[in-house]
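Below is one structure; the comments refer to it alone.
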Amino acid sequence: RVDLLGRSFAALSIGFAIVEAAGWTEITPGVIAVLVGAVGIGNLGSFAASRKLGFSTNRTMRLAQGLYEGVSLGADEGQVGLISYMRTDSTHLAVDAIAELRQVIAQRYGAHALPEHGQLYKTKSKNAQEAHEAIRPTSAARTPDSVAPYLNPDQQKLYELIWKRTVACQMIPATLNT
């Protein structure tokens, strides 16, 4: 029994369930475009960026533009573009990008975190801009921690979100106990 707001409540039953939560398949590579407020996808982009990062669409796009144009990663690497072209709502990932993502996932999280084959997503929108690949890190091997020393805090937040969601879209669904 629990007292809440002056009323007494009792649980009729207690259940246990295991559910699968897609490894951000709702955040397919194309929906990452929504996250950063890409052209042609309306207010949802602004909402997603605001909800996750607290950034306006303009601020998010400015940060993404900087990550796309390049950041100095020190004397060894020089100026490097960290994300692919961000003004797209495509869900297409290049075959070599999927292969690299799968390699990084296997190394960091173990082979058990990988589906049998790379995940391919189809764009649902009839107006989708398919000329470009989905927004993704240019190299999954450049983890958020490895580039953090070269980014300002806002760039780091956005890069980490893009990296995590891109990696997650190639992983098996999460199993959650509810």
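Things worth noting here:
- Selection of the stretch 150-159 for residues being assigned to a helix (DSSP H, G or I), without any contact (Cβ under 8 Å) to a residue 60 or more places away in the chain and either open to solvent by 60 Å² or more (accessible area, probe 1.4 Å) or touching an Asp or Glu at 6+ places or on another chain (Cβ under 8 Å) (or both) yields only P153.
- Where a residue in the stretch 89-108 is closer than 15 Å to R165 by Cβ and its partner, wherever it lies, is open to solvent by 50 Å² or more (accessible area, probe 1.4 Å), with Cβ under 7 Å and at least six apart: D89/G40; D89/S125; D89/Q129; S90/Q129; S90/E130; S90/H132; T91/K122; V104/A141
- Just one of the listed residues (Y85, Y68) is open to solvent by 50 Å² or more (accessible area, probe 1.4 Å) and more than 19 Å from A148 (Cα to Cα), and it is Y85.
- Looking only at the stretch 91-122, and only at residues there that are β-branched (V, I, T) and buried (at least 18 other Cβ atoms within 10 Å of the Cβ), the one that is modelled with the lowest pLDDT: T91
- Restricted to the stretch 160-175, and to residues there that are assigned to a loop (DSSP other than H, G, I, E, B) and open to solvent by less than 20 Å² (accessible area, probe 1.4 Å), the residue that is farthest from P115 (Cα to Cα) is C169.
The values are calculated or read from the model by the stated rules, or taken from the named source; none is laboratory data. If you're wondering where the values come from, they're calculated on a predicted model, not measured in any experiment. Using ideal geometry, Cβ is built from the backbone for each residue, glycine included, and neighbour counts are taken over all protein chains shown. With ligands, DNA and RNA removed, areas are computed over all heavy atoms of the protein, side chains included. Shrake-Rupley method; radii C 1.70, N 1.55, O 1.52, S 1.80 Å.
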